[in-house]
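Structure first, then comments.
Derivation of every value follows stated rules applied to the coordinates shown; laboratory data play no part. Predicted, not measured: the structure shown is a model, and the values here were computed from it. Don't worry about glycine lacking a Cβ; one is built from the backbone with ideal geometry, like all the others, and counts go over all protein chains shown.
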Amino acid sequence: MQAIITPPVDLYAQRRAALARQLGADGIALLPTAPERARNRDSDFPYRHDSYFYYLTGFTEPNAWLLIDGQGRTTLLCQPKDLEREIWDGIRLGPQAAPEALGVDQAFSVDEIDQHLPKLLENRRTVWYPFATHTGLETQVDGWLQQVRARVRFGAQCPDRQQDLCGLLDEMRLVKDAHEQAVMRRAAHISARGHVRAMQLSAQRLREGADVREYHLDAELLHEFRLHGSQFSAYSSIVAAGANACVLHYRADAAPIRSGDLVLIDAGCELDGYASDITRTFPANGRFTGPQRALYDIVLASQEAAVAATQAGARFTDPHEASVKVLAQGMLDVGLLDKNKVGTLDDVIANRSYFAFYMHRTSHWLGMDVHDCGSYVEPGDTSVTERTDPLSGEVIKNRPSRVLRPGMVLTIEPGIYVRPGEGVPEQFHGIGIRIEDDAIVTETGCELITRDVPVKADEIEALMRG
């Protein structure tokens, strides 16, 4: 097992200082962490902090707030020490210990938030906070500003501008630093081990004649994630047997896994606040059939094309376009698309005829959230063109796609999903295939950090024989 990756002591302070420089001298930012959420009577869901808040503090307790002003002064409001509650819920850091432990300038009890916030907002021009992310936050801010306005007769100035803090933080989080990349590599390694374990268990139990269910493989994933230090699954695992793989957001359930089926697993762990995201599709018994292998090889070739297109200076859409070209040609070659009806490869792409079998994008940002923050449009480039979508007839406004830079992290995940339908060759009915890896953009291309689990069909079969 690899050693735990400890963040540099001043990492969060550096991030706070970088944010402060963007607020303006008369600006102030306020940011709550995520609330605790009830699961049912007297039971909460496992607590998970707000990603923005953790990015700036490394603090994982609930019921906390962070304030940063344009001069870089930082204030934390957190739960006070309470020996009785700590018996039940665990040790709290408390306001007295927070400045030294977290590097903030001052800390107060969150129970006193209505006392401190109006004072901190007073004599500021702009208040920054995340829009549309915390229910009721706008109302709270309005209440504190109302208290500041009540003091204008005593010379107080009230902020007259409100700005969305998400935009600034999204740009900061989009490019991952060396520490973040190291954590994500470790998370990817753990997740890959879970996928390997699930593949091998599937083939082994089928060879033994034992019952195999989707939840059996889901249990193997969770076991491996927690065994190696992951705190959570990054999202609800998809373990889809047979035709269930054609449901894009299927959840691991109780369906039987049968010899001759393909199994699609989309699962990844979260480690120290960072997500991984891997999809593999494999034969339940360890041997691809002819039709399965034919489609699998198309998807793999399309992923390889997308990987080759993922490099600094390329556009975010380039991997998707490279993938679609290979997928569309493959669909024509094997007869999923009838060239007498859909025309040439260029026609298939222009008319989006492939959409019947490939209906999602090839990539998304990855980081603290599995679908991480960050604009997919290049900032500062205001050129806009219009096109009419050939399927929906909707007028789409095209804006220049994001230019990839070293340190950006994205998934590469093409697929083919074949539901029975008129003209669809029967040998492909019910086959769903997706192959997904996590890629860090580098100066010379990209680094695939999830290849500890095999991706080539021959290598998957060899692994499952073991």
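Some values worked out for this structure:
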{"read-out": "Rg followed by Dmax, in Å, when the range 11-171 is reduced to its Cα trace", "value": "15.9, 49"}
{"read-out": "Degrees between helix 11-23 axis and first principal axis of the chain (Cα, 0 to 90, nearest 10)", "value": "70"}
{"read-out": "Neighbour-limited loop hits for trypsin sites (Lys or Arg not before Pro), the range 108-173 (at most 16 other Cβ within 10 Å; DSSP other than H, G, I, E, B)", "value": "R125, R151"}
{"read-out": "Total formal charge among the other residues, if their Cβ is under 14 angstrom from that of L201, Lys/Arg +1 and Asp/Glu -1", "value": "+1"}
{"read-out": "Simple Cβ-charge dipole of the chain, Lys/Arg +1 and Asp/Glu -1, about Cα centre, in debye nearest 20", "value": "160"}
{"read-out": "FRET efficiency, 1/(1 + (r/R0)^6) with R0 56 Å, evaluated for E84 and R315 via beta carbons", "value": "0.50"}
{"read-out": "Label-reachable residues, the range 295-324, where backbone N falls under 20 Å from a point 7 Å from V403's Cα toward its Cβ", "value": "309-321"}
{"read-out": "Calculated [θ] (222 nm, deg cm²/dmol) that DSSP helices of n ≥ 4 give over the chain, each run adding -39,500 (n - 2.57)", "value": "-11000 deg cm²/dmol"}
{"read-out": "Inter-probe distance in nm under a simple model that places probes 7 Å from Cα toward Cβ, at D114 and D338", "value": "7.0"}
{"read-out": "Length added when fully stretched, A462-T388, from 0.36 nm per residue minus Cα-Cα", "value": "22.0 nm"}
{"read-out": "Relative contact order of the chain, pairs being alpha-carbon contacts under 8 Å that are 6 or more residues apart, as %", "value": "13"}
{"read-out": "Three-way shape label, the range 356-461, alpha-carbon gyration tensor, a/c 1.5", "value": "oblate"}
{"read-out": "Euclidean distance of C-alpha centroids, the range 139-178 and the range 194-244, integer Å", "value": "45"}
{"read-out": "Between helix 165-174 and the chain: long-axis angle, C-alpha atoms, 0 to 90°, nearest 10", "value": "50"}
{"read-out": "Sorted by Cβ neighbour density within 10 Å, fewest at the top, the residues S233, S375, S276", "value": "S375, S233, S276"}
{"read-out": "Between helix 290-309 and the chain: long-axis angle, C-alpha atoms, 0 to 90°, nearest 10", "value": "40"}
{"read-out": "Distance in nm between pseudo-label sites at T289 and R251 (7 Å out along the Cβ direction from Cα)", "value": "3.0"}
{"read-out": "Beta bridges per DSSP with both ends in the range 11-171, % antiparallel, nearest 5", "value": "50"}
{"read-out": "Exposed GluC sites (Glu not before Pro) absent: longest stretch of the chain, with sites in DSSP loops and at most 14 other Cβ within 10 Å deemed exposed", "value": "209-393"}
{"read-out": "Extension gain, T60 back to A132 (0.36 nm per residue minus Cα-Cα distance, nm)", "value": "23.8 nm"}
{"read-out": "Distance (nanometres) between label positions extended 7 Å along Cα→Cβ at E100 and R352", "value": "6.0"}
{"read-out": "Exposure proxy ranking, count of Cβ atoms within 10 Å, fewest first, for R361, R37, R193", "value": "R37, R361, R193"}
